[in-house]
Amino acid sequence: MFNPSRDEVRRFFTETWRKQREGEILTPLEAIAADWIVEHPEYHAALADTDSANAEHYSPERGETNPFLHLSMHLAISEQLSIDQPPGIRAAHERLAARLGSSHDAHHAIMECLGETLWEAQRTNTPPDSDAYLARIERRATRD
């Protein structure tokens, strides 16, 4: 299982952003990450300064979003959609994107479902429940 450290994740995103800006060749995973970085201009300055990125401690109490966590969740959801795992997530995403008007907005809604699912797993000290995760996404996709 791939389990990078905090510093490795931050280095991956800052290096990907550097390579994107300088027109260097990206790996397939970097290309997906770069696409999400481009979609989030609010993170560009943080990703451009590797030293600051590595030193920063993002605090929800201060109203800060951790760009590395956010982008990592985009990558995780992109992978889930590419392999349709859990089965049905791709179709649920398409319905959600149609309802919300964009794939990006659908990703953000799915992110909330993923966060709830991971929080529940941590709280109960159990593996994440993929059926509950998909059910949360389905509920979001069918809300009026």
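The values are calculated or read from the model by the stated rules, or taken from the named source; none is laboratory data. Model, not experiment: these values are computed from the prediction. In this analysis, Cβ positions are derived from the backbone assuming ideal geometry, glycine residues included, and neighbour counts consider all displayed protein chains.
Kindly indicate whether residue 34 is part of a helix (DSSP H, G or I) and within 17 Å of the chain's Cα centre (by Cα).
Answer is yes for this residue.
Look through 97, 132, 91, 121 and report the one residue that is closer than 22 Å to residue 41 by Cα, part of a helix (DSSP H, G or I), at pLDDT 90 or above and not assigned by TED's automatic domain parsing to the domain that holds residue 5.
Testing whether each residue is closer than 22 Å to residue 41 by Cα, part of a helix (DSSP H, G or I), at pLDDT 90 or above and not assigned by TED's automatic domain parsing to the domain that holds residue 5 leaves just 97.
With respect to residue 26, determine if the residue is under 24 Å from residue 103 (Cα atoms) and in a loop (DSSP other than H, G, I, E, B).
The answer is yes for residue 26.
Just to verify a result, which residue in the stretch 9-48, among those that are out of contact with any helix residue (DSSP H, G or I) (no Cβ under 7 Å at 6 or more places or on another chain), over 21 Å from residue 64 (Cβ atoms) and among the acidic types (Asp, Glu), is surrounded by the fewest Cβ atoms within 10 Å (Cβ to Cβ)?
This residue is 22.
Going through the stretch 51-89 one residue at a time, which ones are surrounded by 12 or more Cβ atoms within 10 Å (Cβ to Cβ) and over 17 Å from the mean Cα position of the chain (by Cα)?
52, 53, 54, 56, 88
Can you find a residue in the stretch 80-95 that is more than 30 Å from residue 135 (Cβ to Cβ) and basic (Lys, Arg)?
No, there is no match, as no residue in the stretch 80-95 is more than 30 Å from residue 135 (Cβ to Cβ) and basic (Lys, Arg).
If residue 33 satisfies all but one of (1) within 27 Å of residue 143 (Cα to Cα); (2) in contact (Cβ under 8 Å) with a residue 24 or more places away in the chain, what's the number of the condition it fails?
Checking residue 33 against (1) within 27 Å of residue 143 (Cα to Cα); (2) in contact (Cβ under 8 Å) with a residue 24 or more places away in the chain, the one that fails is (1).
Being among the acidic types (Asp, Glu) and touching a Ser or Thr at 6+ places or on another chain (Cβ under 9 Å) narrows it down to one of 56, 61, 42, so name that one.
42
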